[in-house]
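Below is one structure, written out as C-alpha cells; the observations come after it.
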Amino acid sequence: MSLPKPVEGLERQASGPLLDTFARAHSYLRISVTDRCNYRCTYCMPADGLEWMKREDLLSLEEIARVAGLFARMGVRGIRLTGGEPTVRRGLPQLVRMLADIEGIDDVAMTTNGHSFAPQAQLYRDAGLNRINVSLDTLRADRFTEITRGGDLAKVLASIDAAVAVGLTPVKVNCVVVRDLNVHDLVDLVRYFSTRPDVILRFIEYMPFSGNESRKRHVPVQEVRDLLGELWTLTPVARTVGKGPAVNWRVEETGQVLGFISPITEHFCDSCNRLRMQADGHLRTCLSKDGTPSLRELIRLGLTDDALSVAIRGMVWGKIAGHEAHYEEGWRTFDGAMIQVGG
Ligand code: SAM
Ligand code: SF4
C-alpha cells in the first residue's frame, strides 16, 4: 500500500478547509487532555515509566476550548478526548460542555479505559458527550490486570453497561491485538459481545512505538480474521466514506458487526482526515511524528486568533504523507509513547 503524492498546483489556503499538500481536508481532531493514567498498559507505555509532562505545560481547559474553536472555524466537526486517561483530568465534564457548545462541532466523543467512567456516565451525557470508546483486550480478569498493570476488569465492564444505559451508543470496544498476550482471548470477546447490539467490538493492530517490541508482537488484522473465520463466516460491510479508519465485517451466523483497524498492514494514510493535539499543545499532524512548535507556546506568546489560525494552517500544510512503519525494509517506529499521544 503506497503513500499519497503531493497534488501539483495546489496552493496553501487562507480560508476554507484545512488542507495539506496532498489535498487531504481535516475535519477530525483528537485532543489529549493529560499524559497521566490510572493504568499502565504494557503496549502503551514502557515498564520503567515516563517523565510526566509538567503541570504548567498542560493546556488549561480554556486554552483547549479556544484552540478547538479555531479548528471548528477551519472545518473540524468531530472532537475526541483522549489521554493518558482523560477521566483523570480535573474538570473534564466542564470541558465536554465547552466543546459541545462550540459552533460547528457536532460530535464530541471520548476514548477511556473505563476504570472510573460508570459513576459519571450520566454527568458526561448531560454535559454533551455523544459517544465513548472503551479499551478492553481480554475478558480474563487475571490477564486484564497483567496487561493493564493493575486494572480492574469488573469496573470496565460496568462502564460499558453504564454508557449503554445512558444512551452513549453505539459503544465501541477497542481491543489491541498483541502476539503472546491476548490472541487466545479474541474468540471469547466476540462471543461476549455477540448478543449486545449496542456495542461494536473492534480489533486494532499493535502500533510500533520505540521500546514496545512491536515488530515481533504485531499481528496483522488478516490473521485475526482468519482465526475468527475458523468459527464464523465473516463478510465485509461496504465502507462509509469519512467514517473513520475501521473496516467493518459482519458475522453471518449472528449478525454481529466487528471492526478492524489496521494502521500498519492496510494503512489508511491516503484518506487521513485526523489531527492530534497532545496535552502540552503539540500538534501531531501525523500520529507517527512529534509536532513542533507547541501551540501552547504560541498561545502564551499572546497570538491573536487570526495569527494562531495562520500558524495552524502552516503546520497542517506541512503534514507528511504518512508513516513508514509498514515498510518491510526501513521499518521506522513512531516518535514518543502512545500514552503521550492519545491513540
Ligand atoms: N486511556 C484511554 C484508553 O485506554 O482507552 C485513552 C488513551 S489510549 C492511548 C487510546 C487507545 O490507544 C486505546 O484504545 C489503546 O488501547 C490504544 N493503544 C495504546 N497503545 C497502543 C499501541 N501500541 N498500538 C495500538 N493501539 C494502542
Ligand atoms: Fe492508560 Fe489507555 Fe495507555 Fe492503557 S492504553 S496505559 S489505559 S492511556
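The values are calculated or read from the model by the stated rules, or taken from the named source; none is laboratory data. The structure displayed is predicted, hence computed values, not measured ones. Ideal geometry is used to build each Cβ from the backbone, glycine not excepted, and the neighbour counts take in all protein chains shown.
Considering only residues of region 14-48 that are not charged (D, E, K, R) and not in a loop (DSSP other than H, G, I, E, B), which is farthest from Leu92 (Cα to Cα)?
Going through the qualifying residues, I end up with Leu19.
Scan region 107-126 residue by residue and report those that are surrounded by fewer than 19 Cβ atoms within 10 Å (Cβ to Cβ) and farther than 16 Å from Ala158 by Cβ.
Within region 107-126, Asp107, Asp126 meet the criteria.
Output the number of residues of region 27-53 satisfying the condition of being modelled with pLDDT of 95 or more, more than 16 Å from ligand 1 (Cβ to nearest atom) and out of contact with any strand residue (DSSP E or B) (no Cβ under 7 Å at 6 or more places or on another chain).
Final tally of qualifying residues: 0.
Kindly indicate which of Arg250, Arg276, Arg300 is crowded, with 20+ Cβ neighbours inside 10 Å and of a type outside the set (Val, Ile, Thr).
Checking each option against the conditions leaves just Arg276.
I need the full set of residues from region 49-60 which are of a type outside the set (Lys, Arg) and closer than 14 Å to Val88 by Cβ, in order please.
The answer is Trp52, Met53, Leu58.
Answer yes or no: is there a residue in region 27-36 that is in contact with a helix residue (DSSP H, G or I) (Cβ under 7 Å, 6 or more places away or on another chain), more than 11 Å from ligand 2 (Cβ to nearest atom) and not hydrophobic (A, V, I, L, M, F, W, C).
Scanning region 27-36 turns up no residue that is in contact with a helix residue (DSSP H, G or I) (Cβ under 7 Å, 6 or more places away or on another chain), more than 11 Å from ligand 2 (Cβ to nearest atom) and not hydrophobic (A, V, I, L, M, F, W, C).
Within region 231-243, is there a residue that is among the aromatic types (Phe, Trp, Tyr), surrounded by 13 or more Cβ atoms within 10 Å (Cβ to Cβ) and more than 20 Å from Leu136 (Cα to Cα)?
Among the residues of region 231-243, at least one is among the aromatic types (Phe, Trp, Tyr), surrounded by 13 or more Cβ atoms within 10 Å (Cβ to Cβ) and more than 20 Å from Leu136 (Cα to Cα), which makes the answer yes.
Within region 197-233, how many residues are assigned to a loop (DSSP other than H, G, I, E, B), modelled with pLDDT under 95 and of a type outside the set (Val, Ile, Thr)?
Qualifying residue count for the region: 9.
Might you let me know whether region 90-103 holds any residue that is within 12 Å of ligand 2 (Cβ to nearest atom) and buried (at least 20 other Cβ atoms within 10 Å of the Cβ)?
For region 90-103, residues within 12 Å of ligand 2 (Cβ to nearest atom) and buried (at least 20 other Cβ atoms within 10 Å of the Cβ): absent.
So how many residues does region 48-83 have that are touching a residue at least 40 places away in the same chain (Cβ under 8 Å) and within 16 Å of ligand 2 (Cβ to nearest atom)?
7
Can you tell me which residues in region 140-159 are surrounded by fewer than 17 Cβ atoms within 10 Å (Cβ to Cβ) and either part of a loop (DSSP other than H, G, I, E, B) or of a type in the set (S, T, N, Q) (or both)?
Those that are surrounded by fewer than 17 Cβ atoms within 10 Å (Cβ to Cβ) and either part of a loop (DSSP other than H, G, I, E, B) or of a type in the set (S, T, N, Q) (or both): Arg140, Thr145, Arg149, Gly150.
Does Gly104 satisfy being part of a loop (DSSP other than H, G, I, E, B) and under 19 Å from Val341 (Cα atoms)?
So Gly104 does not fit the description; no.
Going through region 104-133 one residue at a time, which ones are within 16 Å of ligand 2 (Cβ to nearest atom), among the small types (Gly, Ala, Ser) and closer than 22 Å to Leu58 by Cβ?
If the condition is that a residue be within 16 Å of ligand 2 (Cβ to nearest atom), among the small types (Gly, Ala, Ser) and closer than 22 Å to Leu58 by Cβ, then Ala109, Ser116 are the ones that fit.
Return the pair list, or none, for Cβ contacts closer than 9 Å from residues in region 256-272 that are closer than 21 Å to Leu189 by Cβ to residues that are in a strand (DSSP E or B) and among the polar types (S, T, N, Q), at least 6 apart or on different chains.
Listed pairs, sorted by first residue: Val257/Asn248; Leu258/Asn248; Gly259/Asn174; Gly259/Asn248; Phe260/Asn248; Ile261/Asn174.
Please state which one of Val190, Val164, Val176, Val183 is among the aliphatic types (A, V, I, L, M) and surrounded by fewer than 17 Cβ atoms within 10 Å (Cβ to Cβ).
Only one candidate passes the filter, namely Val183.
Given the options Asp180, Asp188, name the one that is away from ligand 1 (no atom under 16 Å from the Cβ), farther than 15 Å from Met110 by Cβ and touching a residue at least 24 places away in the same chain (Cβ under 8 Å).
Asp188
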